[in-house]
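Participant: This is the structure, below, for whatever I ask next.
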Amino acid sequence: MKPLKRSLALGLTALCTTGIVMAGCAGRQADSKPVTTTPGTNQAAKPYQGATVRFLAATHPWTDTIKKEIPAFEEQTGIKVNMEAIAENQLTEKLTVELTSGAGTVDVFMQRPLQEAKLFEKNGWYADLNTFVKDAKKTPADFDLNDFFKGTLEVENINGKLAGIPLVTEQEIVYYRKDLFQQKNIKVPTNMAELEDAAKKLHDPANGFYGVVMRGQGNPAVTQFSSFLYSTGGDFIKDGKFQLDTPEALKALQTYGNLLGKYGPPGALNMSWPQAAGLFAQGKAAMWVDANSLFLNVTDPAKSTVGDKVGFAMFPAGDKGALPYSVTSWGISMAKSSKNQDAAWEFIKWVSSKEMTLKTQAAGNPSARTSVWNNPEGTKAWPADWVTVAKQSGAVGKPSDRPLVIGVGQARDLVGQIITAAINGKDLEATAKDRNAKLNALLAEEAK
């Protein structure tokens, strides 16, 4: 899939969203000049009095928390924040139209770096935040980029530019039934062999109980398979080529396929995370391997019959150790076309500061700042063992859970076909070789 061409996007803008763009322009002002300290006082006047920042956000619990805090930011700075929160897929569509227009109707926006960064950067839509971070007059030392988990920032750095600041993170972990592991005297798995052994010992299909449940539906399974791939020593892309047919990748695929094919529930090929979580929450599986951000789906008494029996464990080690993904699921960026960049940076700086990150994390939104994870106030929303695993995973995790290409959806479909072949027990090597060739053809097309 080629990136959206300017001519096509402009046509789309003219046909579909002229009203949106014009509405975004209404009432906007360029940044006011910073005001000097008020004579006779020790307090600085509002530095951007009269400036307006338009913020396009995703409908998300993080957004709900920030919305309540924005009035305090407006009072402190004099900046008016016009925030629009919409569903994530609609957000991508709206950003595509408005950023392509180049009209400067968007100042700040939420983005999924793993899903959209390659396309947005290629189209020149990101402002380089290094310009602001490295300016001591605009960014105090206590903003501290070193406070972020390394991997979460890595994915926001594209071609030498800092495209965004991480807001929300997640890692892959093992959910397990503490009561059953204790009753059967089974060790919580720390490596792949122990994971498979535990699944085998607890698998009881005759009584509708299964050793493990994971995503088996091709495209959605890719993200969770990634940790198996990394921990076995493989990667999606290396030296500019897909690597899904290497010995390391085939071993990871076989492990994933064996777990679900031998010790998973019937119908696993139709399962994404909601179905897998539902089965585990109903007390029908001994383990569930998925994102830690989903924990309320299996611990909340309103959703789960086994909530008080759920334990959390680090993703098990493969040949190269335990290398789960630790990703930035949402970040915040500035539009290169923004006419209010200084005020926009004030907002980004505030919203991703240690103080605000502590508030959003305390409300249940896992962040990328290590200082917040080390603050009891920042970890009170989660069980203690969950927090321990999240911190361990964040320290060693890989920054991506899917191929970093422009055509992410198409790539995930192809990788997913290899995963389903592994689960089905089909000719894995032949399938991997064929789909890997198609994936490299996709890369070549995107490079044109």
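The values are calculated or read from the model by the stated rules, or taken from the named source; none is laboratory data. Since the model is a prediction, treat every value here as computed from it, not as a measurement. Heads up, the Cβs are rebuilt from the backbone with ideal geometry, glycines too, and the neighbour counts pull from every protein chain shown.
Participant: In the set Lys359, Lys426, which member is surrounded by 15 or more Cβ atoms within 10 Å (Cβ to Cβ) and of a type in the set (D, E, K, R)?
Facilitator: Answer to the check: Lys359.
Participant: Out of all the residues in the range 354-377, which are hydroxyl-bearing (Ser, Thr, Tyr) and over 19 Å from the mean Cα position of the chain (by Cα)?
Facilitator: Ser371
Participant: Kindly check whether there is at least one residue in the range 129-152 that is touching a Leu at 6+ places or on another chain (Cβ under 6 Å), outside the structural domain of Leu260 (by TED's automatic domain parsing) and over 30 Å from Asn297 (Cβ atoms). Explain how you work it out, then say what you get.
Facilitator: Restricting attention to the range 129-152, the residues satisfying the condition of being touching a Leu at 6+ places or on another chain (Cβ under 6 Å) are 129-130.
Narrowing further to those that are outside the structural domain of Leu260 (by TED's automatic domain parsing): 129-130.
Next, only the ones that are over 30 Å from Asn297 (Cβ atoms) stay: 129-130.
Within the range 129-152, one or more residues are touching a Leu at 6+ places or on another chain (Cβ under 6 Å), outside the structural domain of Leu260 (by TED's automatic domain parsing) and over 30 Å from Asn297 (Cβ atoms).
Participant: Within the range 230-247, does at least one residue satisfy the condition of being under 19 Å from Met314 (Cβ atoms), in the same structural domain as Lys184 (by TED's automatic domain parsing) and of a type in the set (A, V, I, L, M, F, W, C)?
Facilitator: no
Participant: Now, a different point. Checking Thr379 against (1) under 15 Å from Met314 (Cα atoms); (2) without any contact (Cβ under 8 Å) to a residue 40 or more places away in the chain; (3) of a type in the set (S, T, N, Q): exactly one of these is not met. Which one?
Facilitator: The number of the failed condition is (1).
Participant: Among the candidates Gly104, Gly40, single out the residue that is farther than 27 Å from Glu170 by Cα, in the same structural domain as Gln341 (by TED's automatic domain parsing), at pLDDT 90 or above and not in a helix (DSSP H, G or I). Walk me through how you get there before you give the answer.
Facilitator: Values: Gly40 fails: at pLDDT 90 or above.
So the residue among Gly104, Gly40 that is farther than 27 Å from Glu170 by Cα, in the same structural domain as Gln341 (by TED's automatic domain parsing), at pLDDT 90 or above and not in a helix (DSSP H, G or I) is Gly104.
Participant: Do any residues in the range 205-218 that are in a helix (DSSP H, G or I) have Cβ atoms under 7 Å from those of residues that are surrounded by fewer than 24 Cβ atoms within 10 Å (Cβ to Cβ), where the two are at least six apart or on different chains, and which pairs are they?
Facilitator: Gly218/Asp413; Gly218/Gly416; Gly218/Gln417; Gly218/Thr420
Participant: Only one residue in Asp107, Asp64 is more than 17 Å from the chain's Cα centre (by Cα), surrounded by 16 or more Cβ atoms within 10 Å (Cβ to Cβ) and among the acidic types (Asp, Glu), so which one is that?
Facilitator: Result of the check over Asp107, Asp64: Asp107.
Participant: Take the conditions over 30 Å from Asp107 (Cα atoms) and β-branched (Val, Ile, Thr) and apply them to Val289. Does it pass?
Facilitator: In short, yes.
Participant: For the range 386-417, name all the residues that are among the hydroxyl-bearing types (Ser, Thr, Tyr) and crowded, with 18+ Cβ neighbours inside 10 Å.
Facilitator: Within the range 386-417, Ser393, Ser400 qualify.
Participant: Same structure again: Can Thr232 be described as more than 19 Å from the chain's Cα centre (by Cα), surrounded by 22 or more Cβ atoms within 10 Å (Cβ to Cβ) and of a type in the set (Ser, Thr, Tyr)?
Facilitator: yes
Participant: Let me ask something else about it. Would a scan of the range 186-202 turn up a residue that is charged (D, E, K, R) and assigned to a loop (DSSP other than H, G, I, E, B)?
Facilitator: First, the residues of the range 186-202 that are charged (D, E, K, R): 187, 194, 196-197, 200-201.
Filter again for assigned to a loop (DSSP other than H, G, I, E, B), leaving 187.
Among the residues of the range 186-202, at least one is charged (D, E, K, R) and assigned to a loop (DSSP other than H, G, I, E, B), which makes the answer yes.
Participant: Under 7 Å by Cβ, and 6 or more places apart or on different chains, what pairs join a residue from the range 423-437 that is free of Cβ contacts under 8 Å to residues at least 40 places away in the same chain with one that is among the hydrophobic types (A, V, I, L, M, F, W, C)?
Facilitator: Taking only residues 6 or more apart or on different chains, the pairs are Thr431/Ile418; Thr431/Ala421.
Participant: What is the one condition in (1) buried (at least 20 other Cβ atoms within 10 Å of the Cβ); (2) touching a helix residue (DSSP H, G or I) at 6+ places or on another chain (Cβ under 7 Å) that Asn436 does not satisfy?
Facilitator: With (1) buried (at least 20 other Cβ atoms within 10 Å of the Cβ); (2) touching a helix residue (DSSP H, G or I) at 6+ places or on another chain (Cβ under 7 Å) applied to Asn436, the lone miss is (2).
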